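The values are calculated or read from the model by the stated rules, or taken from the named source; none is laboratory data. Everything numeric in this text was worked out from a predicted model, so none of it was measured. Here Cβ is always computed from backbone atoms with ideal geometry, including for glycine, and neighbour counts include all displayed protein chains. What goes into the accessible areas is simple: the full protein's heavy atoms, side chains included, and nothing from ligands, DNA or RNA. Shrake-Rupley method; radii C 1.70, N 1.55, O 1.52, S 1.80 Å.
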Amino acid sequence: MRWIIFVPVLLVFAGLDAGVGGLFSISWLGGAAPSLVAVLVAFVALQASATSALWAGWWAGLLLDAAPGSGGGGTAVVVLGPAALGMTAAAWFVLLCRGMLFRSRAVTLIVVAGVVAASAALAVASIRTLRFWLPWTEAAIPQPASDVLLRLCGDAVATSLLAILVGWALLLTSRRWRFETSPGRLDYAGRRGG
Amino acid sequence: MLSKRRLALGFVLLLTGVSVVLPPGQSGLSADLADLLRVPQMPFARMGVLLDDWLRPAHDGPGGAKAREHLELVQRERDTWARLFRQERIRADALSQRVRLLESLPDSALRAPVPPTTLVRVVTGRAVRDATARIELQPPDESQGRVRTGDVVIAADRLLVGRLERVGPLRLLVRPVAHPDSGPVEVAVIRTVQSLDRPLDRLLLQPDGTGVLHADVDRRIDIQVGDRLMLTDPSWPGRVQGLVLAVVQALEPIDDAPLRQRVIAVPAAPPQSVVQVAVVSSQAEAGPP
């Protein structure tokens, strides 16, 4: 994968998420909002090598962690990690499933983008709950599980809707990302040769 | 055998996992790292906020650009006069109280409103889902050194947003009024028609950490859902007294105290929807350098 393409796209997507996310948020779904970063992570996790996909998920999550208000509950403490681990976990989940998927289809990317958004949100909520139970972290009280689940579903649906347009555009550029080194077929050929 | 990249990834993930469960003593380091990570992202975040600002008027309904401009101008003028009236009203109220006590204070002594010196800042980051989360402002450039922690931040419509909590070289952090650390704040109910001989109905709003503020008040106080609440807290700078702080969202009975009721209010300028703000500089208040 060409990181020189990934990094600017990630910065633009993360910036737009922070800026225009509120415009598309759905108030009756607990403020759920679509995530361009989740679409990008889904796209990379479907196409890139396993290591590159996990690194991409980690960097994307780290940028989300650095965003203002990412601590949740209005806490002033900046915690770098929950979204980084959440996005990495989401990318890993896609890696596990992608062998059964038609990776270059737009429909696949649309569905997987929603799954990435939901998986990452679930992982982040779990880590925040874990931090709350650790006595030395002084973490904020986590949201009720019903609210988290509602927003998680809303995030997934909204991100999938956004992926209809953005995912299609990303797939059009997939040649420029040089995903040919994806290990799926190469590793298989290597095993046959060995 | 694992490649170097995979080993590095495993090590980084391990470090991330450890940092997540560390006590908050390392938050300063994390905040600095977050600042560094935000630097390349800031131009795009600002573009996003401006794009949001550009797209939002499309939801306002029919009406041409000229009509909208005219309406905004009229609204600004209305808000300005309403604010001046409320400031004068508070001053008159305070004066009349002192006159009643001392019977010798000239009522013209405090009737010289000076417009506050404000520094306009663009919001570069905010949490769209959290009404209590801090918002991030464009760092100062020409106004280097003129803003400091504790300065009041207001929205374009003269609505109170919060106070500066951190002034750094890379960003300014604003703590909104609904943040639990902001503490209680004294406000008064704004009346469109009110005789001057009747004292202001004051209440002490307390943020509860969920984005709303509440106060328990006497049932006899005439307060309705939708009433606006203005700042009358003496611990805030005098220049911002009378600005709208919150709007009454609901009134709830209190089972333990039947003669009182709970006022639930939401910030008049929700941090999630603020695009541009002005910092009321306390440095400027002290006089020209």
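Need one number: buried accessible surface between chains B and A, 1.4 Å probe, both sides summed, DNA, RNA and ligands left out, in Å² to 100. Don't skip to the end; give the middle numbers.
Numbers: alone 17590 and 11050 Å², together 24750 Å².
That pair of chains buries around 3900 Å² in total.
Taking the alpha-carbon centroid of each part, what is the distance from the range A:33-51 to the range A:108-152 in angstrom?
Cα centroid to Cα centroid, the span is 18 Å.
How high is the FRET efficiency from B:Ser235 to A:Phe24, r the C-beta distance, R0 41 Å, rounded to 0.05?
So, using R0 = 41 Å, E works out to roughly 0.60.
Starting from the 7 Å offset along Cα-to-Cβ, what nm value, one decimal, do you get for the label separation of B:Leu14 and B:Arg76?
It works out to 5.9 nm between the two label points.
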